[in-house]
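A short write-up of the structure that comes next.
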Amino acid sequence: MKEKLAKYLLFIIAAVSALTAVCVRFICLRTSDVVSVTVWTIAVWFVITASASAAGMAIMFKVIKPPSPDEAEGDGYAEFRPLIHRIGEQRRELQEKRKELEDKERKLDSITENMTEGLVLLDGEGLVVLMNKGAGRLLGTVGDTEGQHIFTICGNNLLQAAVHTAVGGHSCRETFAQGGLLIQAIASPVVVDGASNGVVLMLLDVTERMAAEDMRREFTANVSHELKTPITSISGYAEMMMRGLAKPEDLPALSGKIYSEAQRLIALIADIIRLSRLDEGSTESISEPVELLASAKKCVELLEAKATNCRVTVELTGTEQTIKGAAQLIDELVMNLCDNAIKYNQPGGHVWIYVGARNGVPLLAVTDDGIGIEPEHMDRIFERFYRVEKSRSKETGGTGLGLSIVKHAAAWHKATIDADSVPGKGTRIVIIFDGKGEE
Ligand code: ADP
């Protein structure tokens, strides 16, 4: 728009100048009045000077651009036209390519920098070409590592072996320990024209995965062992009866043993199912108002017969506390704590269940004056299949999984567990629903 206006302006100025010049010529021819001729001459001179200045200024302020290679095509320079055209094309192509490269670089940067996995690119000598933040974090290095040798950044033998193998043209995986983490390194060669001239190194933090795998392996071994024991007993007693090896008067006792072993098996399988359900997190979607006192009341009713059998008095006090959670998990948690308080007690013993709040935070406390736990076992009682006294646990129908279920259920509700025990005096376990607990 500006350009057009300037062009029109120049055209009008030029036309007015030409017209004025014609007029001067005409007046000069017609008159001999020296004053008029002088005035007209000055006017023409002024108009021409103004036009020249306007054109100069327009070019200076880039209102009128000098012809571009494209415009030049139409405006002359015929012999340069193909060359100017080619230069214009190449300039456009270069600009597009540069933009494309910049876009790709930006994308690559944002991907590598936001990856939790470590990514390292090495040249054929093992020098770092690129190392993302994730790799720096896993290898415990900060700042610019470009140009440094990977072995000066991490001297681990297994990592070195993986890099050597990849430099030799073969992919390799190694898992090594570094700064308290277990890191899996996947080294792949970069092959150009059939020759390996670099290495791509992926670093993954497998600490949690390995710990979970170890736990699963241990759990499977424990489960197999725990299931095998009652089945072997059941099979042995049944065989004796089948072959007529048992005296008729021993039959009730033998069948009683088969029954109790079968009950233990059932309890064990139920606990295993509960734990695997918790491991899978299949209860995670359930979140409803749960009344702690009501759950404790239900539990006391269910355990009444057992408490009477063990000659233990159970007392429930407190006020209703409603939390957000999974009712079934809370029932299992309360049940396991109260069951233990009765089981690991003595005739004439007591169990006190209290539901209340401390500083507005709901809590459930189960206290007993039973056998208590030695301090060295306190850290381990929440582990799967850990029993302080194996024989007593089995005798009382324990599976070794009760407190693991309590721990899981508390963690699911983000509740904190506070356990305290004095051998020979009793045990107190408090579940505080403060939202601070974690698995
Ligand atoms: P179990 O099925 O054997 O009772 P738990 O996981 O419930 O398994 O408990 C683990 C171990 O902790 C028990 O074997 C027992 O030795 C000990 N324990 C748990 N609760 C109490 C308690 N209230 N008093 C004494 N010892 C307890």
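What about THR319, is it exposed (fewer than 12 other Cβ atoms within 10 Å of the Cβ), farther than 20 Å from ILE417 by Cβ and of a type in the set (S, T, N, Q)? Let's see the steps before the verdict.
Details: exposed (fewer than 12 other Cβ atoms within 10 Å of the Cβ): yes; farther than 20 Å from ILE417 by Cβ: yes; of a type in the set (S, T, N, Q): yes.
For THR319, the condition - exposed (fewer than 12 other Cβ atoms within 10 Å of the Cβ), farther than 20 Å from ILE417 by Cβ and of a type in the set (S, T, N, Q) - is met.
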Contact list, first residue from the stretch 390-409 and within 16 Å of GLU226 (Cα to Cα) and at pLDDT 95 or above, second anywhere and more than 7 Å from the ligand (Cβ to nearest atom) and not β-branched (Val, Ile, Thr), beta-carbon distance below 6 Å, six or more apart or interchain, is none
Options VAL406, VAL388, VAL430; residue that is closer than 22 Å to PRO289 by Cβ, near the ligand (Cβ under 8 Å from one of its atoms) and buried (at least 16 other Cβ atoms within 10 Å of the Cβ): VAL406
Would you mind stating whether LYS436 is in a loop (DSSP other than H, G, I, E, B), at positive phi and either more than 10 Å from the ligand (Cβ to nearest atom) or at pLDDT 90 or above (or both)? no
If the Cβ limit is 6 Å and pairs must be 6+ apart or interchain, which residue in the stretch 365-385 that is on the phi > 0 side of the Ramachandran plot pairs with which residue that is surrounded by fewer than 20 Cβ atoms within 10 Å (Cβ to Cβ) and aromatic (Phe, Trp, Tyr)? none
Conditions (1) in contact with a His (Cβ under 9 Å, 6 or more places away or on another chain); (2) closer than 30 Å to LEU275 by Cα; (3) not polar (S, T, N, Q); number of the one not met by MET215: (1)
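Scan the stretch 349-385 for residues that are in a loop (DSSP other than H, G, I, E, B) and over 27 Å from ALA221 (Cα atoms) and jot them down. Lay out the reasoning, then the answer.
Filtering the stretch 349-385 for residues in a loop (DSSP other than H, G, I, E, B) gives 349, 359-360, 369-374, 378-385.
Within the stretch 349-385, GLY349, ASN359, GLY360, ASP369, GLY370, ILE371, GLY372 meet the criteria.
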Looking only at the stretch 352-376, which residues are near the ligand (Cβ under 7 Å from one of its atoms) and out of contact with any helix residue (DSSP H, G or I) (no Cβ under 7 Å at 6 or more places or on another chain)? ILE371, GLY372, ILE373
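Looking only at residues in the stretch 411-423 that are modelled with pLDDT of 95 or more and either small (Gly, Ala, Ser) or under 13 Å from LYS324 (Cα atoms) (or both), which one is nearest to the ligand (Cβ to nearest atom)? Quick ask: steps written out before the conclusion?
Going through the stretch 411-423, the residues modelled with pLDDT of 95 or more turn out to be 415-423.
Right, trim to either small (Gly, Ala, Ser) or under 13 Å from LYS324 (Cα atoms) (or both) and you get 415, 419, 421.
Values: ALA415: 17, ALA419: 9, SER421: 7 Å.
So the residue we want is SER421.
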Of the conditions (1) within 17 Å of GLY402 (Cα to Cα); (2) within 15 Å of the ligand (Cβ to nearest atom); (3) in contact with a His (Cβ under 9 Å, 6 or more places away or on another chain), VAL312 satisfies every one except a single condition; which number is it? (1)
Scanning the stretch 273-299 residue by residue, the ones that are part of a helix (DSSP H, G or I), modelled with pLDDT of 90 or more and crowded, with 17+ Cβ neighbours inside 10 Å total 5
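The values are calculated or read from the model by the stated rules, or taken from the named source; none is laboratory data. A quick note: this is a predicted structure, and the numbers were derived from the prediction, not measured. Here Cβ is always computed from backbone atoms with ideal geometry, including for glycine, and neighbour counts include all displayed protein chains.
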